[in-house]
Amino acid sequence: MSATDQPIRIATRGSALALAQAHGIADACRAAFPNLRFEIKIIKTTGDKLQSVPTSASVQPPVKGLFTKELEVALLNREADLAVHSLKDLPTELPDGLTLAAVTKREDVRDVLIYRDAEFPFRTPHSALRNSEKRGLKPHATIRDFPTGATIATSSTRRQAQLLALRSDLKLIPIRGNVGTRLRKLAERAELDGLVLAAAGLNRLQVRISADGKVSRGEGASSSTEVPQGLLASPLALEEMLPCVGQGAIGIEARCGDERIAAICQRLNHPETLACVTAERAFLRGMGGGCLSPIAALAENAEDRLRLRGVSFQNGRIRRGEVTGFPDEADAIGGRLASELK
């Protein structure tokens with residue numbers, strides 16, 4: 001078999017969300033290059049292994065490459081040709097020999113607040129807790145509608161910092177597991193009042209939010225994505241919760257100098273999104289942060305200009321800023337905002 005006849009291997013994590021993203025990329029590749037063969041290669045990462053560690057355990061995961069390192073090793077060893085990442089997980093500094101070859105069109109960048117419906121009769125026969133102890137809220141609730149001292153589950157330091165900036169009385173606790181597991185924990189555990197997840201991940205998993213705020217499982221949802229009844233959701237306004245750098249975008253990593261793969265990535269790339277995430281990643285890099293840092297940023301295209309907003313909660317200080325510039329200056333725009341906030 002010649003090199004041109006060999007299948008192009010797309011590396012991905014094995015979670016339901018990662019597989020949904022990888023299969024979406026594979027479908028786009030097949031549509032654009034019908035004469036080529038594409039295969040999915042599932043690789044377990046350090047981050048996947050840590051998902052099974054109890055949240056009470058004293059574990060300090062590595063800051064960089066938590067969900068990407070093993071995929072990058074496969075690329076460097078030529079065991080894979082493309083690696084598909086949630087761009088928010090991809091460190092701003094890549095290993096020698098690898099490049100961010102493409103970025104797909106961005107999904108909804110917002111975070112979503114999920115909570116129990118006050119009118120739904122939750123029943124958990126295996127729980128020692130009474131149903132009456134499970135608090136709920138009305139549809140379209142905001143973070144300000146939660147009771148004093150409410151408990152919100154999120155493992156993101158970025159979300160935690162912004163939630164506390166809005167409501168210093170909130171109790172924030174970590175949570176692990178895939179989307180379905182987190183939704184089930186919220187439905188079953190009376191001590192939890194709410195949960196924050198990314199809208200993009202819910203959309204890609206076919207988890208639907210109706211006009212009246214009800215959360216349900218869409219027709220195309222994976223059987224592994226459990227969506228309990230009786231949950232409601234409200235998107236958090238960007239003025240309240242800026243997203244993680246790169247949130248909502250899929251990044252495709254490849255080897256430098258591989259012209260065959262570069263041609264494929266060029267067809268997958270969305271230039272407007274690439275300019276936005278380039279500015280955001282330059283800002284994060286300039287701040288000296290990683291994907292686990294309490295830093296948020298969002299760049300948006302407005303006609304021929306790029307607007308970048310950022311916030312940092314590093315060292316216990318809240319610093320916010322905004323800069324604008326031309327899209328072809330995206331990297332410099334991110335660096336300029338970092339200089340202003342530092």
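Some notes on this structure:
- Normalised per residue, the volume of the convex hull around the Cα set of the range 270-342 (Å³): 68 Å³
- The value of relative contact order for the chain, using C-alpha pairs under 8 Å at least six residues apart, is 20 percent.
- Beta bridges from DSSP with both residues in the range 111-235: antiparallel share about 70 percent, rounded to the nearest 5.
- If you wrap the Cα atoms of the chain in a convex hull and average its projected area over all directions, you get 18.6 nm².
- Diffusion coefficient, µm² s⁻¹, Stokes-Einstein with Kirkwood Rh over alpha-carbon pairs of the range 111-235 at 37 °C and 0.692 mPa s: 224 µm²/s
- Of all lysines in the structure, those lying under 21 Å Cα to Cα from LYS185, and not within fewer than 8 positions of it along the same chain, are LYS49, LYS134, LYS138, LYS171, LYS214.
Every read-out reported here was derived from the displayed coordinates using simple, explicitly stated rules and does not represent laboratory data. Since we're looking at a predicted model, the values are computed, not measured.
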